[in-house]
Structures are given as C-alpha cells and as structure tokens.
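A.B. asks: Sharing a structure with you now.
Since every read-out is calculated from the coordinates, none of them should be taken as a lab result. Computed from a prediction, not measured in an experiment: that's the story for all the values here. Please note: Cβ atoms are built from the backbone with ideal geometry, for glycine as well, and neighbour counts cover all protein chains shown.
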Amino acid sequence: MTALSSDTFPPGFLWGTSIGAHQSEGNNLASDWWALETAADSPIAQPSGDAVDGYHRWNEDLELAAGAGMHDFRFGIEWSRIEPADGRLSVANVQHYRRIVQRADELGLRPLPTLHHFTLPMWFSRSGGWRRPDAIDRFLRYVDAVAPVLECGVERIETINEPNIVAVLAAGATDLSAGLPVPDRQISAVMLELHDATRQHLKRNHPSVLTGWGVSVQDYQPDPDAQSLVADYVHPRDEVFLQASRGDDWVGVQAYTRGRIKNSDGHAQVYLTPGATLTQTGWESYPDALGGAVRRAARVVGDVPIIVTENGIATADDDERIRFTTQALQALRAAMDDGVDVRGYLHWSLLDNYEWGRWEPTFGLVAVDRATFARHPKPSLAWLGALAPTPG
Ligand code: BGC
C-alpha cells in the first residue's frame with residue numbers, strides 16, 4: 001500500500017474531526033446524563049464534571065483544528081442547553097452555537113452539527129424520553145429553536161448520533177465488549193421515525209442543508225460455519241438503520257473495530273480474536289475495520305454517499321494512533337478504489353474527552369490537562385491535518 005499524502009483522497013473530500021457536546025462541554029446540568037452521573041447511587045464510575053470545558057474553550061478548539069489544516073468540524077448541539085426546562089428556550093445558548101458556526105466558517109472549517117448525541121434534557125427523559133407519545137413533535141420543536149444556528153452557514157447536519165446505540169442502551173446494555181445486544185425494538189422504531197420526520201422537517205425549512213445520520217457500523221466477519229447467521233444478526237443492529245438512510249443526502253459511518261462471529265449452537269455470537277491487541281476501550285485494535293464497514297454499508301445504502309463521521313483509537317501512545325489511522329485510511333482508500341462512494345473522513349476525536357463514564361480512554365489528537373484545561377496537541381494532529389485533500 002502506498003504512503004499517504006494530501007493526494008490520497010480527492011479534492012473536496014471532507015477532512016476533519018468530530019466531538020460531541022456532553023463529552024467536551026462540561027457542566028451539562030440540565031441533561032439526563034448529568035443527573036445519572038451525579039445521583040447518590042450512580043452506576044457511572046466517573047462523572048463528566050467540567051468535561052474539557054469545551055463550552056468556554058470552543059474557539060481555541062476551532063483554531064487548533066483549522067490551524068492543523070482541517071476543513072471540517074463535527075460538533076454537537078445540546079438539546080438540554082437549548083431547552084433546559086419544558087418549553088423554556090435559552091436564546092443565549094442558541095446564540096452560543098451560532099457563534100461556533102460563524103467562527104468555524106471564518107476559519108475555513110465547514111461546521112457539521114449533530115442534533116442528538118445520547119443525552120436528553122432531564123425533563124424530557126424523566127417524563128418518558130423517546131417513549132413519550134409526543135417525542136418526535138418535541139424534538140422537532142427543538143430543531144425549530146436552533147434554526148438561527150442552521151441558517152448561518154451549516155451545509156450538512158447529522159440528525160442522530162448512532163441511533164442503533166441509542167436503542168442498544170435503551171435495552172439496558174452496559175458492557176458492549178461481547179458484541180451488541182439486540183437493540184430495543186420500540187426505541188429502534190422511534191429512531192427510524194424520528195430521523196425521517198427530522199429530515200423532512202429540515203428539507204421543508206432549510207432546503208439547502210444536506211441531511212444524514214451517523215450509524216455505528218462494525219466490520220462483522222463470520223466464521224465459515226456462521227455465514228448463514230450473519231444476516232439476521234446484523235439486521236436489527238445496524239442494517240435497518242442503514243436502509244433508512246436511502247432517502248438521505250449522505251450517510252455517516254462510525255467504525256472502530258470488527259466483530260468476529262461464531263456459530264454457537266445455531267446462534268451468532270461475537271467473539272474476540274484470541275491474543276488480539278486490545279485498545280483502552282477493550283476493543284480489538286483492527287484498523288482495517290474501516291474498509292469492511294464502508295464496504296458493507298455501501299451494499300446497503302446503494303448510491304447514497306458515505307462520510308466517515310467517526311473513526312479512531314483509544315490509546316495512550318500517539319505513535320500507535322498514527323499507525324492505526326494510517327492503516328484505517330489505507331483500507332478506506334482501497335474500498336474507494338473498489339467503487340465505494342466515500343466523500344469524507346472525520347476523526348474521533350479532536351480532544352481527549354469524557355468517554356461515557358470513564359476518563360481513561362484517550363481518543364484525542366489533542367491532550368487536555370484536566371486541572372487547567374490547557375490543550376496540548378499531539379503529533380497526530382499535525383500529521384492528520386497535513387493529509388487534508390485540496391478543498392473542493
Ligand atoms: C460515540 C462517541 C464515543 C466513541 C468512542 C461512538 O460510539 O459516538 O460518543 O466516544 O464512539 O467510544
């Protein structure tokens with residue numbers, strides 16, 4: 001495989017990083033995750049607290065990304081900041097996200113906001129969350145509230161981050177290392193309906209915004225005697241969500257590892273390769289998964305272009321991050337050479353940030369001192385930025 005350069009991917013290919021609101025902003029006080037983390041009997045090992053103070057330091061983060069040569073910046077808009085109490089909108093927080101979009105634009109970064117990334121306003125969650133009969137309507141009201149953000153330079157929007165994981169978490173899953181449990185059926189159905197309603201709503205009100213969502217896609221690799229079991233295994237876990245992308249302008253693929261599947265008495269069971277090198281999250285370090293994930297996604301979504309909206313590795317060793325990402329990008333390029341229509345790559349993550357209950361896994365291109373919040377770029381930031389293709 002040839003070495004990577006800024007010519008590896010075509011002009012106009014999206015190139016940048018991803019972060020999420022709750023994981024970076026800090027003090028997300030009105031959210032259900034905050035309530036869960038701070039409850040007296042919390043099952044969450046470590047709370048997010050100030051996170052990495054992204055709520056105040058967003059400009060520094062944008063400048064770091066732009067300064068490294070990135071062209072695209074995926075970040076989260078937090079519903080619980082826009083509507084901290086039922087029906088009470090925060091105009092100041094709408095303006096906050098609007099400033100991020102405007103500044104990104106000034107710096108030559110295309111902002112790609114995500115509307116929902118796991119967290120919900122506490123008032124909404126406490127009253128049934130996605131199981132509320134008016135859940136979709138209430139989400140669309142939030143989408144209306146952020147119109148001023150979308151109207152000042154947003155080209156693309158991700159409606160929901162990993163709807164399949166939202167439904168998996170709703171099924172009560174905590175340890176995902178032994179493969180994904182079957183997603184909660186009701187929540188899966190709500191996610192599908194929510195996405196469809198949101199994209200139609202956006203198309204009506206913001207016709208130029210390109211809509212998509214980011215599906216968690218693993219590279220499933222069945223043993224020879226498990227081939228016939230894969231279709232049923234994969235369908236509820238990601239395929240049904242990829243199928244629903246057929247009406248979108250693009251689909252986000254978020255890929256980290258592979259899932260090897262064995263035949264266990266006629267049932268598909270995910271297993272770890274014996275002796276595999278594991279990352280800090282306990283996943284097999286398997287960079288080629290990105291190639292497998294986009295190839296399978298492409299077979300499902302047909303001619304909808306793919307954007308890799310997340311890919312990366314939790315490691316304390318930045319050289320390992322560069323090695324892993326090199327191989328992942330080579331696998332991505334090989335899939336494109338075989339005809340897979342990929343239009344961009346957004347690395348998870350710009351920053352070492354809050355990893356849902358834990359601080360130890362570090363996915364960032366930039367380290368953050370958690371006492372001072374000072375940002376310390378790792379060599380991988382400049383390395384990845386230097387591979388940015390020519391802007392389109
Ligand atoms: C999520 C991120 C998370 C990352 C690494 C994705 O599932 O969207 O929030 O930090 O994976 O675990």
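A.B. asks: For Leu14, what is the net charge nearby, where nearby means another residue's Cβ is under 11 Å from its Cβ and Lys, Arg count +1, Asp, Glu -1?
C.D. replies: +2
A.B. asks: Right, something else. Based on the mean of other beta carbon atoms within 10 Å per residue, what is the order of 211-223, 240-252, most packed first?
C.D. replies: Per-residue mean Cβ counts within 10 Å order the peptides as 211-223, 240-252.
A.B. asks: Among Glu60, Glu78, Glu106, which comes first, then next, by fewest other beta-carbon atoms within 10 Å?
C.D. replies: Glu106, Glu60, Glu78
A.B. asks: Here's a follow-up. Quick query: amide H of Glu158 versus all other amide H atoms, modeled in the peptide plane; which residues come in under 5 Å with a sequence gap of 5 or more or a different chain?
C.D. replies: Answer set, sorted by chain and number: Thr114, Leu115.
A.B. asks: How much net charge surrounds Gly49 when only other residues with a Cβ under 10 Å from its Cβ are counted (Lys, Arg +1; Asp, Glu -1)?
C.D. replies: -2
A.B. asks: Would you look at the GNM of the chain, springs on alpha carbons closer than 10 Å, and say which of Gly339, Gly259, Gly302 moves the most?
C.D. replies: Comparing Gly339, Gly259, Gly302 in a Gaussian network model of the chain, the most mobile one is Gly339.
A.B. asks: Counting pairwise Cα distances across the range 14-387, what percent come out greater than 35 angstrom?
C.D. replies: 18 percent
A.B. asks: Counting Lys and Arg as +1 and Asp and Glu as -1, what is the net charge of the other residues whose Cβ lies under 15 Å from the Cβ of Pro274?
C.D. replies: Neighbour charge sum, excluding Pro274 itself: +1.
A.B. asks: For each of His117, His56, count neighbouring Cβ atoms within 10 Å of the residue's Cβ, then give the residues from fewest to most.
C.D. replies: Fewest-to-most Cβ neighbours within 10 Å comes out as His56, His117.
A.B. asks: Here's another thing I want to ask about it. Dipole magnitude of the range 127-186 about its Cα centre, charges +1 at Lys/Arg Cβ and -1 at Asp/Glu Cβ only, in debye to the nearest 20?
C.D. replies: It works out to roughly 240 debye.
A.B. asks: I'd like to know which of Ala298, Thr257, Ser90 lies farthest towards the positive end of the charge dipole of the range 14-387, counting +1 on Cβ of Lys and Arg and -1 on Cβ of Asp and Glu.
C.D. replies: Among Ala298, Thr257, Ser90, the one farthest towards the positive end of the dipole of the range 14-387 is Ser90.
A.B. asks: Once phi is turned into ³J(HN,Hα) by the Karplus curve 6.51 cos²θ - 1.76 cosθ + 1.60 with θ = phi - 60°, what whole-Hz value does each residue of the range 45-53 show in order, with x for glycine and proline?
C.D. replies: Each residue of the range 45-53 in turn: 5, 10, x, 7, x, 6, 6, 10, 6 Hz.
A.B. asks: Using θ = phi - 60° and the Karplus form 6.51 cos²θ - 1.76 cosθ + 1.60, what ³J(HN,Hα) does each residue of the range 276-292 get, whole Hz, x for Gly and Pro?
C.D. replies: Karplus-based 3J(HN,Hα) across the range 276-292 equals 5, 6, 9, 8, 5, 8, x, 8, 5, 6, 8, x, 5, 4, 4, x, x Hz.
A.B. asks: Also, I was wondering about something else. By how many nm would the segment from Ala39 to Thr390 lengthen if fully extended, with 0.36 nm per residue of separation less the alpha-carbon distance?
C.D. replies: 121.5 nm
A.B. asks: Considering just Cα atoms, how many Å³ per residue does the convex hull of the range 105-162 enclose?
C.D. replies: 96 Å³
A.B. asks: Near the amide H of Arg110, under 5 Å away, which other amide H atoms are found, from residues 5 or more places off or on another chain, if H is placed in the peptide plane?
C.D. replies: Residues meeting the criterion, in which the H sits 1.01 Å from N, are Asp72, Phe73.
A.B. asks: Another one. In whole Hz, what ³J(HN,Hα) sequence does the range 342-356 give by Karplus (6.51, -1.76, 1.60; θ = phi - 60°), x for Gly and Pro?
C.D. replies: Whole-Hz 3J(HN,Hα) from phi for the range 342-356: 10, 10, x, 9, 10, 7, 9, 9, 4, 10, 5, 9, 6, 9, 6.
A.B. asks: Using amide H atoms built in the peptide plane, which far-off residues or other-chain residues are under 5 Å from Tyr345 H to H?
C.D. replies: Leu14, Trp15, Gly16, Val308
A.B. asks: Quick one: of the DSSP bridges fully inside the chain, what percent are antiparallel, nearest 5?
C.D. replies: 25 percent
A.B. asks: Something else now. Got a sec? How would Met70, Met122 order by Cβ neighbour count within 10 Å, fewest to most?
C.D. replies: Starting with the residue having the fewest Cβ neighbours, the order is Met122, Met70.
A.B. asks: Could you compute the FRET efficiency for Asp134 and Ala85, with r as their C-beta to C-beta distance and R0 at 22 Å, rounded to 0.05?
C.D. replies: Rounded to the nearest 0.05, the efficiency is 0.85.
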